[in-house]
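Since the structure comes first, as structure tokens, the remarks are kept for the end.
Please treat every number below as a calculation from the coordinates, not as lab data. As the structure is a computational prediction, the values presented were derived from the model and not from experiment. When we count neighbours, we look across all protein chains shown, and the Cβ atoms used for this are built from the backbone with ideal geometry, even at glycine.
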Amino acid sequence: MSRGIQNWTEDLIARRIREGYGDGEGPNYKPWCSTATFSSRGRVHRVYSERFGRTMELVSDVEWNTFVLFEWCRSVKQLYESFPLPRENTLEVAAALGIKHPFYPKTNIPAVITVDMVAVMEIAGETRYVAYDCKRTEDAENERAMEKLQIARTYLAGCDIAHHLVFHSALPIQKVRNIEYFRQAIWKPGQIDPTREILREVADLMTYELAGSSRTISLADYCAAFEQRHGLTPGLGLRVARILLWEQTLRCDLDTPRLESAPLSSFVCERSPLPRASGL
């Protein structure tokens, strides 16, 4: 069964605008298309982000991998996916470029062109908006897809917003997988056992223990010994270490595979964790 909106009409577009799709700031942002309304060739990901304060709607693996990197990057203050550009402007840009504006399939209705992600970034003390489109490398051979991106890029340039293409083949996948591994450990809303407070207490204890440590045992062996010393449930120590890595209280080379097997001496622990909003 096909997924997504199949019959786009001007009435539907007007209604979605009235309902706030593609509008709002911060946690109140509502993407133009969601995983339920957007047809995608890849897997979809619908995930809550505590950093950005809402559920993210990501319609491909390339978007997911890019999101993981942006959520990790502390200079990214907010992220807006499926960000729509005003049609009246993209129609003018397309005409000026001599490019046929995209239309919805089997209609004469100009499509709402969206940018996969717009990041709000803190750069050299200034807040900047930077746009990204996340594609597979083979999409570069699709002339119509590239023309659509040219329309978006030209419009954004007029708004003083830089536009970048992110190709899946250029993403640092080992780094992405490690960040995913950390992310999976953080406390999730509604979780009862262990509570957020218990995780915080254990994380603070481990931070105190690790500060200044230069042991040569692996991270996994240290965590197992940590559990035994403090009478903790098996597995809790490694989970807390992953939380500290997510918070960036514990730092390491993110290009290292199987980090739990890496020697403890390859990790650096900061005594002062980052603000809790970006961690647990």
query: What length, rounded to one decimal in nm, is gained on full extension from ILE99 through to ARG229, with 0.36 nm per residue of separation minus their alpha-carbon distance?
result: 40.0 nm
field: Surrounding net charge for HIS164, when Lys and Arg each add one and Asp and Glu each subtract one, Cβ distance under 12 Å
entry: 0
query: Considering amide H positions built from the backbone, and no H for Pro or chain starts, which residues 5 or more places from SER60, or on another chain, come under 5 Å of its amide H?
result: HIS45
query: Once you list every other residue whose beta carbon is under 11 Å from the beta carbon of TYR222, what net charge do they have if Lys and Arg are +1 and Asp and Glu are -1?
result: -2
- request: Please label the shape of the stretch 126-264 as rounded, prolate or oblate, based on the square roots a ≥ b ≥ c of the eigenvalues of the alpha-carbon gyration tensor (a/c under 1.5 means rounded; beyond that, a/b larger than b/c means prolate, else oblate).
  value: prolate
Kirkwood-based shape ratio for the stretch 10-171, expressed as Rg/Rh from alpha carbons: 0.94
- request: Mind checking the full-extension length gain between GLU209 and ASP255? Use 0.36 nm per residue of separation minus the Cα-Cα distance, one decimal, nm.
  value: 14.1 nm
query: Rounded, prolate or oblate: which fits the chain when a ≥ b ≥ c are the square roots of the eigenvalues of the alpha-carbon gyration tensor, with rounded for a/c under 1.5 and prolate only if a/b beats b/c?
result: prolate
query: So which of LYS77/LYS188; LYS148/LYS175; LYS148/LYS188 end up more than 27 Å apart, counting from Cα to Cα?
result: LYS148/LYS175; LYS148/LYS188
Gained length - MET146 relative to LYS30, 0.36 nm times residue gap less alpha-carbon distance: 39.2 nm
- request: Quote the FRET efficiency, to the nearest 0.05, computed for TYR129 versus ILE5 with a Förster distance R0 of 30 Å and r equal to the Cβ-Cβ distance.
  value: 0.65
- request: Considering the options GLY53, GLN184, CYS252, tell which one lies farthest towards the positive end of the dipole of the chain, charges being +1 on Lys and Arg and -1 on Asp and Glu at the Cβ, about the Cα centre.
  value: GLN184
Long-range HN-HN contacts of PHE167 with modeled amide H, under 5 Å: LYS135
